[in-house]
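**Student:** Below you'll find the structure I mean.
The values are calculated or read from the model by the stated rules, or taken from the named source; none is laboratory data. Not measured: the values here are computed from a predicted model. Cβ: placed from backbone, ideal geometry, glycine included. Neighbour counts: every protein chain shown.
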Amino acid sequence: MIEYREATMADLDLLVRLRLGFLDLVADSGKATNELEQNIRNYFRKNLADENCVAILVTMDNALIATGTVFFYESVPSYDNNSGLNAYITSMFVEPVHTHQGIARSVLDRLIKKAKERGCGYVQLATTAQGQPLYTKYGFEKSDTFMSLKLK
């Protein structure tokens, strides 16, 4: 039986391991360091307590099979987002043996629901080629107007 639940502080070590594992899967470079691990731990400790982030954990027979995280942030209010509240979804992952069973969609539904409950005007995410069909079908659109600069 598949079970979905929100992570709690008791899941802190698991959330750190999941985030590091996710980074290993999607990052082109870099490696885990004690500093990175501690920064991830501090992030979840603070943001779970402040309810600025929600992580969904999916288990089957007590084994973790999927996860996804949404965090909330503010930007300057605008014409198309009066509240200035936004959400960003990250760390979406389903064990390969469990893909194409609607699990990622169900995690996404739960994360989007949390964003709506918070009054967010937008939900953003970065995607892999594997995840893009799900997000496109869900209604996410690519944007040609965003650029980023990595600060050193």
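**Student:** Only residues that are over 19 Å from Val76 (Cα atoms) and polar (S, T, N, Q): list them for the stretch 119-142, please.
**Tutor:** Across the stretch 119-142, the qualifying residues are Thr127, Thr128, Gln130, Gln132, Thr136.
**Student:** Moving on to the next point. Mind checking whether some residue in the stretch 41-57 is part of a helix (DSSP H, G or I), of a type in the set (A, V, I, L, M) and either loosely packed, with under 11 Cβ neighbours inside 10 Å or on the phi < 0 side of the Ramachandran plot (or both)?
**Tutor:** Yes, there is a match, as at least one residue in the stretch 41-57 is part of a helix (DSSP H, G or I), of a type in the set (A, V, I, L, M) and either loosely packed, with under 11 Cβ neighbours inside 10 Å or on the phi < 0 side of the Ramachandran plot (or both).
**Student:** While we're looking at this one, here's another question. In the set Val54, Val58, which member is among the aliphatic types (A, V, I, L, M) and out of contact with any Phe, Trp or Tyr (no Cβ under 6 Å at 6 or more places or on another chain)?
**Tutor:** After applying the criteria, what remains is Val54.
**Student:** Is at least one residue of the stretch 97-105 in contact (Cβ under 8 Å) with a residue 12 or more places away in the chain and under 17 Å from Leu14 (Cβ atoms)?
**Tutor:** no
**Student:** With the structure loaded, tell me whether Lys114 is in contact (Cβ under 8 Å) with a residue 60 or more places away in the chain and basic (Lys, Arg) or whether it fails that test.
**Tutor:** yes
**Student:** A further question on this structure: Exactly one condition in (1) of a type outside the set (A, V, I, L, M, F, W, C); (2) modelled with pLDDT under 95; (3) closer than 24 Å to Ile103 by Cβ; (4) surrounded by fewer than 19 Cβ atoms within 10 Å (Cβ to Cβ) is false for Arg19; which is it?
**Tutor:** Single failed check for Arg19: (4).
**Student:** Then there's this: Can we say Leu20 is aliphatic (A, V, I, L, M), in contact with an Asp or Glu (Cβ under 9 Å, 6 or more places away or on another chain), under 24 Å from Gly131 (Cα atoms) and assigned to a helix (DSSP H, G or I)?
**Tutor:** It is true that Leu20 is aliphatic (A, V, I, L, M), in contact with an Asp or Glu (Cβ under 9 Å, 6 or more places away or on another chain), under 24 Å from Gly131 (Cα atoms) and assigned to a helix (DSSP H, G or I).
**Student:** Restricting attention to the stretch 87-104, and to residues there that are under 13 Å from the mean Cα position of the chain (by Cα) and closer than 17 Å to Arg5 by Cα, which single residue is surrounded by the fewest Cβ atoms within 10 Å (Cβ to Cβ)?
**Tutor:** Thr90
**Student:** Quickly run through the stretch 58-84 and pick out the residues that are exposed (fewer than 14 other Cβ atoms within 10 Å of the Cβ) and assigned to a strand (DSSP E or B).
**Tutor:** Ala63, Tyr73, Glu74, Ser78
**Student:** Hey, another quick one. Of the residues in the stretch 85-102, how many are touching a Phe, Trp or Tyr at 6+ places or on another chain (Cβ under 9 Å) and either not aliphatic (A, V, I, L, M) or not in a strand (DSSP E or B) (or both)?
**Tutor:** The total comes to 5.
**Student:** State all residues of the stretch 120-139 that are in a helix (DSSP H, G or I) and under 14 Å from the mean Cα position of the chain (by Cα); if no residue qualifies, say none.
**Tutor:** Answer for the stretch 120-139, where residues must be in a helix (DSSP H, G or I) and under 14 Å from the mean Cα position of the chain (by Cα): just Tyr135.
**Student:** Taking into account only those residues within the stretch 65-81 that are touching a residue at least 24 places away in the same chain (Cβ under 8 Å) and within 18 Å of Asn52 (Cα to Cα), which is farthest from the chain's Cα centre (by Cα)?
**Tutor:** If we take residues in the stretch 65-81 being touching a residue at least 24 places away in the same chain (Cβ under 8 Å) and within 18 Å of Asn52 (Cα to Cα), then Phe72 is farthest from the chain's Cα centre (by Cα).
**Student:** A follow-up question, please. When the stretch 22-47 is examined, which residues are found to be within 16 Å of the chain's Cα centre (by Cα), modelled with pLDDT under 95 and among the polar types (S, T, N, Q)?
**Tutor:** Hits for the stretch 22-47: nothing passes.
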